[in-house]
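Single-structure report; data block below.
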Amino acid sequence: MLDIIHHGGATGVTGSCHQLLLNRHESLLVDCGLFQGEDAAEDSFEQLQIEFDISTVKALVITHVHIDHVGRLPYLLAAGFTGPIICSIPTAKLLPLVIEDALKIGFTRKEQLIERFQAQPDKQIVSVPYGQWYSLDLISNESGNACINSKSDYLATTRVKLKRAGHILGSSFFEVSYQDVTAGKKKRVIFSGDLGAHYAPLLAAPKSPYGCDQLILESTYGNHLHPDRRQRRDTLKAAVEHALANGGTVMVPAFSIGRTQELLYELETIIHQARSPQWKSLEIIVDSPLAARFTQVYRELKPYWNKEAQCRLRRGRHPLNFANLYTVDSHAEHEQTVEYLAKTGRPAVVIAASGMCAGGRIMNYLKAMLSDERHQVLFVGYQGAGTPGRTIQQYGPQGGWVEIDGQRLDIKAGVTSISGYSAHADQKNLLNFVKRMHRWPRIIRLVHGDQNARTALKYKLESLYQRKGKHVNIANG
């Protein structure tokens, strides 16, 4: 059985990085992400360094461009990785924006270095259409030398196929087919990446593959069930209307890619259907230059939207570019917007990064408005342990406090959480991903989840296999 080494994301929800060992001389690296929250070490710079041996890594496969899956890519390149970076076509368009942001946040602000590191992955990126096999060129012989001369030289073949994961635009789960020609053995491994929730806006839900020998499965919401789409939209509407009634602002911490675009889609739906003049005049503010750029790329990649979104376009609606939508670009404009909303209490919905309140422009909104009961904080995604977002989510309803930039803030604003807008599959979706395979994996490794989530999902999977009279070996990481 092909072995796997985890360099992050095995026992936590961030820092995803997994190495699939194909043979003594070759391996694939799957994602290379940043650690966040409690997963982050006290010496974060030391944790960013690529200290594992990359000499056998023939290719990097990227499942999607969230920072906890690609944020360490600049460090991988700095460590000397020059192999192909395999990803979907939309991911190839989004990745340069993410790398630029990652470089500015955690690597360097020197423009020359940023340009150099941005140019390097452009030369290495191999964008692969969904559903097509990609064969790796370098196949080693027993001595470890690359042999590409004739079929007789090949001791093994390795192919990779990407399929839609429905998590964010361009997200993929992928299959690795590895065949040892001399031994006549063929193995198939599937990495789920982050799977999307069903009935999510904009993107089609992932479809289960035929089967595999070994599955590396995310477990972020392995112990949780999301509400249905109508229910979560009603919760979103109610949170906004509460702020409207109080004359306040709804602050939505959201990741620049994926969650922001889904929220815009849902808010456009509510505004389109609303009869209230308050809704018709409500300002939806995206205060994130990065999110605005991502949204533009989302618009350019309309062919990858789901059928419902395509239907809206044909009817002349623009779910990511409607009349009530405003974007804030410059820092000066951002400061003016924060001050204006905090003083006037004019009702608005502000979507700003970061998604876990661990930095970014949302922090200034929180510092200005979190202690004012007129306002609302609306969480629409997972809040990692140890992040300010988790503290606000956990203690806000109890009238607690949070420390931001050394300042203690009493939480008087309303706090609402909608797990259904998570871009992650819930427990039922994860079980169905396995259940709907024709050939169930004999080995499942649970990653990308906290201990409670992984334990709950492990129990459910074992019960599923037991009911069907099948055997499975489930490992936590």
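So that you can scan it fast, the table gives a plain yes or no per residue for (1) touching a Lys or Arg at 6+ places or on another chain (Cβ under 8 Å); (2) within 23 Å of THR91 (Cα to Cα); (3) among the small types (Gly, Ala, Ser); (4) not in a loop (DSSP other than H, G, I, E, B):
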position	(1), (2), (3), (4)
ILE285	no, no, no, yes
THR295	no, yes, no, yes
PRO303	no, yes, no, yes
ARG317	no, no, no, no
ASN321	yes, yes, no, no
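Put simply, of ASP234, ASP228 the only residue that is acidic (Asp, Glu), within 24 Å of the chain's Cα centre (by Cα) and more than 30 Å from ILE5 (Cα to Cα) is ASP228. With respect to LEU264, is the statement that it is among the aliphatic types (A, V, I, L, M) and under 25 Å from GLY360 (Cβ atoms) true? Yes: the conditions hold for LEU264.
Going residue by residue through segment 360-378, is there one that turns out to be part of a loop (DSSP other than H, G, I, E, B), open to solvent by 10 Å² or more (accessible area, probe 1.4 Å) and closer than 18 Å to PHE255 by Cα? There is at least one residue in segment 360-378 that is part of a loop (DSSP other than H, G, I, E, B), open to solvent by 10 Å² or more (accessible area, probe 1.4 Å) and closer than 18 Å to PHE255 by Cα. Restricting segment 423-440 to residues that are in contact with a helix residue (DSSP H, G or I) (Cβ under 7 Å, 6 or more places away or on another chain) and not hydrophobic (A, V, I, L, M, F, W, C) leaves a set whose member that is farthest from ARG467 (Cα to Cα) is GLN427.
Within segment 444-477, the set of residues being among the hydrophobic types (A, V, I, L, M, F, W, C), buried (at least 16 other Cβ atoms within 10 Å of the Cβ) and within 17 Å of ILE216 (Cβ to Cβ) comprises ILE444, LEU446, VAL447, ALA453, LEU457, LEU461, VAL472, ILE474.
Quick one: is TRP440 more than 23 Å from the chain's Cα centre (by Cα), more than 19 Å from ILE351 (Cα to Cα), open to solvent by 10 Å² or more (accessible area, probe 1.4 Å) and without any contact (Cβ under 8 Å) to a residue 12 or more places away in the chain? No; evaluated as a whole, the condition is false for this residue. For SER177, the conditions (1) open to solvent by 10 Å² or more (accessible area, probe 1.4 Å); (2) over 27 Å from TYR459 (Cβ atoms) are fulfilled apart from (1). Selection within segment 239-254: residues that are open to solvent by less than 10 Å² (accessible area, probe 1.4 Å) and not in a strand (DSSP E or B). The member of this set that is nearest to ILE362 (Cα to Cα) is ALA254.
Within segment 274-307, being among the charged types (D, E, K, R), open to solvent by 80 Å² or more (accessible area, probe 1.4 Å) and under 26 Å from the mean Cα position of the chain (by Cα) holds for ARG293, GLU300, LYS307.
Residue count for segment 85-117 satisfying the condition of being modelled with pLDDT of 95 or more and part of a loop (DSSP other than H, G, I, E, B): 1. Flag: ARG259 matches the condition of being closer than 21 Å to GLY389 by Cα and touching a residue at least 40 places away in the same chain (Cβ under 8 Å). Checking each residue in segment 18-74 for being at pLDDT below 85 and of a type in the set (Ser, Thr, Tyr) picks out only SER44.
Just one residue in the set GLU373, GLU403 is out of contact with any His (no Cβ under 6 Å at 6 or more places or on another chain), more than 23 Å from LYS237 (Cα to Cα) and of a type in the set (Asp, Glu); that residue is GLU403. Restricting attention to segment 463-477, the residues being in a helix (DSSP H, G or I), more than 12 Å from LEU431 (Cβ to Cβ) and touching a Lys or Arg at 6+ places or on another chain (Cβ under 7 Å) number 0.
The test for being touching a strand residue (DSSP E or B) at 6+ places or on another chain (Cβ under 9 Å), more than 24 Å from GLU241 (Cα to Cα), open to solvent by 10 Å² or more (accessible area, probe 1.4 Å) and not in a strand (DSSP E or B) holds for THR391.
Inspection of segment 459-476 identifies at least one residue that is under 23 Å from GLY12 (Cβ atoms) and without any contact (Cβ under 8 Å) to a residue 24 or more places away in the chain.
The values are calculated or read from the model by the stated rules, or taken from the named source; none is laboratory data. All figures in this text were calculated on a predicted structure; none of them were measured in a lab. With ideal geometry, Cβ positions are generated from the backbone for all residues, glycine too; neighbour counts draw on all protein chains shown. Note: areas computed on protein heavy atoms with side chains; ligands, DNA, RNA excluded. Shrake-Rupley method; radii C 1.70, N 1.55, O 1.52, S 1.80 Å.
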